[in-house]
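Every number here is computed from the coordinates shown, using simple stated rules; none is lab data. Fair warning: this is a prediction, and the values are worked out from it, not measured in the lab. Cβ sites come from the backbone with ideal geometry, for glycine too, and all protein chains shown count toward neighbours.
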Amino acid sequence: MKKDNELERAQRIRDAQLSARSPGESKIKGYDWSKHAQRAQKIQRKRQEKPLLIDLYEMLPSRWKGLLVGLGIGLLPLLAAQIFLQGEWKILGWVGLLICAIIAYVIGAATQDESPTQ
């Protein structure tokens, strides 16, 4: 008798725990949860995909990354020289581009992790 009461009590406890964990009916009537799950998977896949140029940039050593950043920054004096200077003075824009690229390359080389590869 005592064993039957214990089994019934254990079963009631299990049922209560399962019903407490059950989410029940959706609070949003008529919502298509399967489309929601598909959309969430699609968004997650898009986050994991990267454009090819970003992948290529991340593969470069930091000194070359610095060089590319320096060239990008150096375009500003080049464009300014082309707009505001006249005649042969426009060559100074190329000097600014070259200086920015060299400085960025040196900074990139100085910050590069020199861990040995096996």
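Observations, loosely collected:
- Pairwise Cα inverse-distance average, inverted: Kirkwood Rh of the range 52-111 (Å): 12.0
- With contacts taken as Cα pairs under 8 Å and at least 6 residues apart, the chain reaches a relative contact order of 26 percent.
- For the range 52-111, the relative contact order works out to 49 percent when only alpha carbon pairs closer than 8 Å and six or more residues apart are counted.
- DSSP-loop GluC sites (Glu not before Pro) across the range 24-90, with at most 11 other Cβ within 10 angstrom: E25, E49
- Along the range 4-20 the Karplus relation, 6.51 cos²θ - 1.76 cosθ + 1.60 evaluated at θ = phi - 60°, assigns HN-Hα couplings of 5, 5, 5, 5, 5, 4, 4, 5, 4, 5, 4, 4, 5, 5, 5, 5, 5 Hz to successive residues, with x for each Gly and Pro.
- The residue list G93, A40, A16 was ranked by how far each Cα lies along the charge dipole of the chain toward its positive end, using unit charges on Cβ atoms, and A16 comes out on top.
- Distant alpha-carbon pairs in the chain (separation over 25 angstrom), percent: 65
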